[in-house]
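The structure appears right after this line, and notes come after that.
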Amino acid sequence: MVDVFTEIKIRSSVNTVSEYAANPDNAPEWYVNIDSAEWRTQKPLRTGSLIAFKAKFLGRELAYVYEIKEFIPGKKLVMSTANGPFPMETIYIWEAIDENNTLMILRNRGNPTGFSKMFAPFMSLMMKRANKKDLRKIKTILEG
């Protein structure tokens, strides 16, 4: 199992951080590896929404669809995919430190199957590195 946990403090309100991060249209701006996000269901974001992403990871192009499993605006977003060689769950949690500072937690977990299973420890390390870059990027955008 791969379970990667990262967090960052962002000098911005919990509402600003969560609204920006939870909007799939913004994902290509702050996720280093995501090239595009396409809504497969009607906006706005809610439980059951489907979003197709195209990304690059470890030199490979990936296409996958996330389904929103849980969405509590300003608090938590859980999305998962069951397709592809690496079923994945992504969780965002936002906690107000005070009115102008937010702790954002980004967690990715999944069970690689087949050939991918051998590379799980390496993938965890690379995902953690990518997640740290992503959180630094969203921090820069929202504090800029």
What is the number of the single condition among (1) in contact (Cβ under 8 Å) with a residue 12 or more places away in the chain; (2) over 23 Å from Arg109 (Cβ atoms); (3) of a type outside the set (Val, Ile, Thr); (4) part of a loop (DSSP other than H, G, I, E, B) that Phe86 does not meet? (2)
Pick from segment 54-76 the residues that are part of a loop (DSSP other than H, G, I, E, B) and not small (Gly, Ala, Ser): which of them is surrounded by the fewest Cβ atoms within 10 Å (Cβ to Cβ)? Leu58
When you scan segment 33-41, do you find a residue that is without any contact (Cβ under 8 Å) to a residue 40 or more places away in the chain, within 14 Å of Asn108 (Cα to Cα) and either surrounded by 15 or more Cβ atoms within 10 Å (Cβ to Cβ) or of a type in the set (Ser, Thr, Tyr) (or both), even just one? no
Residues being on the phi < 0 side of the Ramachandran plot and touching a helix residue (DSSP H, G or I) at 6+ places or on another chain (Cβ under 7 Å): count how many of those fall in segment 54-70. 0
Can you spot a residue in segment 88-95 that is under 20 Å from Glu38 (Cα atoms), modelled with pLDDT of 95 or more and in contact with a helix residue (DSSP H, G or I) (Cβ under 7 Å, 6 or more places away or on another chain)? yes
Output for segment 2-38, where each listed residue is of a type in the set (D, E, K, R) and outside any helix (DSSP H, G or I): Asp3, Glu7, Lys9, Arg11, Asp35, Glu38
So the check is Cβ under 7 Å with 6+ separation or different chains; which pairs have a first residue in segment 6-24 that's under 11 Å from Tyr92 (Cα atoms) and a second one that's surrounded by fewer than 17 Cβ atoms within 10 Å (Cβ to Cβ) and of a type in the set (Val, Ile, Thr)? Glu7/Ile105
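The values are calculated or read from the model by the stated rules, or taken from the named source; none is laboratory data. It should be emphasised that the depicted structure is a prediction, and the values quoted were computed from it without experimental measurement. When we count neighbours, we look across all protein chains shown, and the Cβ atoms used for this are built from the backbone with ideal geometry, even at glycine.
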